[in-house]
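For reference, the structure is listed below as structure tokens.
The values are calculated or read from the model by the stated rules, or taken from the named source; none is laboratory data. Predicted, not measured: the structure shown is a model, and the values here were computed from it. Ideal geometry is used to build each Cβ from the backbone, glycine not excepted, and the neighbour counts take in all protein chains shown.
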Amino acid sequence: MSYKKSTGGVGALVVCLGVAAASLTAAATDLPPPLKPETTDVATLPPGVQHRFIAIPYEGNMQVFNGDRGVEEGELPAGTGSNVIFSHDGTQIYLSETLWPHNNRGKRIDLLTVYDTRTLTATKEVDLPGRTLVGWKIKDLELNASGTRAYVYYMHPSSSVAWVDLNKSAVAGTVEIPGCGLTFAWGDNGFASLCADGALATVVVPDSGAAKVTHSKPFFDVEHDPIFDTSLSDAKTGQAVFMSYTGLVYQVKLGPEPTIAAPWSINEAAGQRRAGTGGDELAWRPGGLQPMAWHKASNRLFVLMHPGNYWTHDAVGTEVWVLSLTNHTLLARYLVHSKPNSTVPDGTMRGIAVSQDDKPQIYLLTQDGGDTVVDASTGELLRVISAGAGAAAVVPGV
């Protein structure tokens, strides 16, 4: 047997390994540098944003939006159907809610929680005496003119309002208002409620002692033309704007002895026949879950309108009508859009709010996506946002 010496062998292997090592070294130099370790932090929101608003969803957390940037800035944890309002200066957010430890059962907790607007952290909690009325009723939670007292409407065990001393973070008292509901604050020591017979209940709440409740004569037709429960008021001036399902506007001066002006028709302000209550009568009508917004400085009313029969007060809006509360005239009609540069109304808007600055924006919310920010003076669509199927919205200064 003979053997033949290899001429490649180990030398060839060494060369191959050297080439492979060089390739690996080159590949390693092409890799990006290692990522830095992640660090957590807590962002804070900028103060004094005029075009900030909170979208109130059907369920889930409250969403805080920046209307100028068209982005969500943060969220507030909330029970389904909770009510929310900004402090008058916009630095705090008040949330009234009913919670159960096991989602829909367990020992019920009723709270008024105070959040810092910049950090969205809870700073105080106040136990409430009863179950707050849920269901996106923006007038279940109100502040008095100076912002030192909150009124919370609740229904268990009876129709009542609790007033919270915000300086002491404690409930200062309660008053029963049988047959009436909602809170429309006026001044520092009173609020009004709408009653089932069409009357206005006026409640004077002194700093000490029992509250006093009086009632006006019925001023609207409960059976045939009810008032929207999302009507509006201004605690500082005592002015209130109530709107009926057919588009009648009642302007009221709230106070210990309220004055109620004769109603005027949105349709007649537009040169049309007043909308009636006939089941087959087609007319332009207000509608939605939050159908109206009020810019106080200019005294303009913004109303979501749709063509429909009587009793379509929940229908989505296809137009926004702008009306003067001073002259009772129609100032403008804006088509509702959810797409830029659209010439056909394609929105399905259920909620409307307006910022209170000198360059106001309208915030239009829909259950189906395509929420929008609109220039209140021109009707121009500024941007499309996503507010998570919002039902209503609140802004600072309202």
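What are the pairs with Cβ atoms under 8 angstrom where one residue, in segment 271-287, is within 20 Å of Leu330 (Cβ to Cβ) and the other, located anywhere, is of a type in the set (Lys, Arg) and assigned to a loop (DSSP other than H, G, I, E, B)? Sequence gap at least six, or different chains.
Here the result reads Ala283/Arg273, each pair linking segment 271-287 to a residue that is of a type in the set (Lys, Arg) and assigned to a loop (DSSP other than H, G, I, E, B).
Could you check Asn189 against (1) modelled with pLDDT of 95 or more; (2) over 17 Å from Gly255 (Cα atoms) and say which number it fails?
Of the numbered conditions (1) modelled with pLDDT of 95 or more; (2) over 17 Å from Gly255 (Cα atoms), the odd one out for Asn189 is (2).
For residues that are touching a Lys or Arg at 6+ places or on another chain (Cβ under 9 Å), more than 15 Å from Val71 (Cα to Cα) and among the hydrophobic types (A, V, I, L, M, F, W, C), scanning just segment 373-398, find the one that is modelled with the lowest pLDDT.
Ala391
When you scan segment 176-186, how many residues do you find that are buried (at least 18 other Cβ atoms within 10 Å of the Cβ) and part of a strand (DSSP E or B)? It would help to see each step written out before you state the result.
Residues of segment 176-186 that are buried (at least 18 other Cβ atoms within 10 Å of the Cβ), as a first pass: 177, 180-186.
Subsequent filtering for residues that are part of a strand (DSSP E or B) retains 180-186.
Looking only at that region, the number is 7.
Against the definition (touching a residue at least 12 places away in the same chain (Cβ under 8 Å), more than 30 Å from Ser146 (Cβ to Cβ), crowded, with 20+ Cβ neighbours inside 10 Å and of a type in the set (S, T, N, Q)), how does Ser244 come out, yes or no? First the steps, then the outcome.
Details: touching a residue at least 12 places away in the same chain (Cβ under 8 Å): yes; more than 30 Å from Ser146 (Cβ to Cβ): yes; crowded, with 20+ Cβ neighbours inside 10 Å: yes; of a type in the set (S, T, N, Q): yes.
Answer is yes for this residue.
Mind checking whether some residue in segment 155-172 is assigned to a strand (DSSP E or B), β-branched (Val, Ile, Thr) and under 21 Å from Val222 (Cα atoms)? Give the derivation first.
At the first step, the residues of segment 155-172 found to be assigned to a strand (DSSP E or B) are 155-156, 160-165, 170-172.
Subsequent filtering for residues that are β-branched (Val, Ile, Thr) retains 161, 164, 171.
Now drop any that are not under 21 Å from Val222 (Cα atoms), which leaves none.
Within segment 155-172, not a single residue is assigned to a strand (DSSP E or B), β-branched (Val, Ile, Thr) and under 21 Å from Val222 (Cα atoms).
Looking at segment 131-138, is at least one residue more than 30 Å from His51 (Cβ to Cβ), in contact with a Lys or Arg (Cβ under 8 Å, 6 or more places away or on another chain), in a strand (DSSP E or B) and free of Cβ contacts under 8 Å to residues at least 40 places away in the same chain?
Yes, some residue in segment 131-138 is more than 30 Å from His51 (Cβ to Cβ), in contact with a Lys or Arg (Cβ under 8 Å, 6 or more places away or on another chain), in a strand (DSSP E or B) and free of Cβ contacts under 8 Å to residues at least 40 places away in the same chain.
How many of the residues in segment 288-326 are surrounded by fewer than 22 Cβ atoms within 10 Å (Cβ to Cβ), out of contact with any Phe, Trp or Tyr (no Cβ under 6 Å at 6 or more places or on another chain) and in a loop (DSSP other than H, G, I, E, B)?
14
Quick check on my filter: what residues within segment 72-92 are over 16 Å from Pro57 (Cα atoms) and under 13 Å from the mean Cα position of the chain (by Cα)? Steps first, answer last, please.
Taking segment 72-92 and keeping what is over 16 Å from Pro57 (Cα atoms), we get 86-92.
Hit for segment 72-92 is Phe86, nothing else.
List the pairs whose first member sits in segment 109-122 and is in contact (Cβ under 8 Å) with a residue 60 or more places away in the chain, whose second member is part of a strand (DSSP E or B) and among the basic types (Lys, Arg), and whose Cβ atoms are under 9 Å apart, counting only residues at least 6 apart or on separate chains?
Cβ pairs passing all conditions: Thr117/Arg52.
So, Ala262, is that one closer than 30 Å to His215 by Cα and touching a Phe, Trp or Tyr at 6+ places or on another chain (Cβ under 6 Å) or not? Break it down into steps so the answer makes sense when it comes.
Values: closer than 30 Å to His215 by Cα: yes; touching a Phe, Trp or Tyr at 6+ places or on another chain (Cβ under 6 Å): no.
Taking the combined requirement at face value, the residue does not satisfy it.
Identify all residues within segment 98-122 that are part of a loop (DSSP other than H, G, I, E, B) and touching a Leu at 6+ places or on another chain (Cβ under 7 Å); write none if there are none. Please lay out each step first, then the result.
Of segment 98-122, the ones part of a loop (DSSP other than H, G, I, E, B) are 100-108, 117-121.
Those that are part of a loop (DSSP other than H, G, I, E, B) and touching a Leu at 6+ places or on another chain (Cβ under 7 Å): Thr117, Arg118, Leu120.
Within segment 137-161, count every residue that is surrounded by 22 or more Cβ atoms within 10 Å (Cβ to Cβ) and at pLDDT below 85.
Count: 1.
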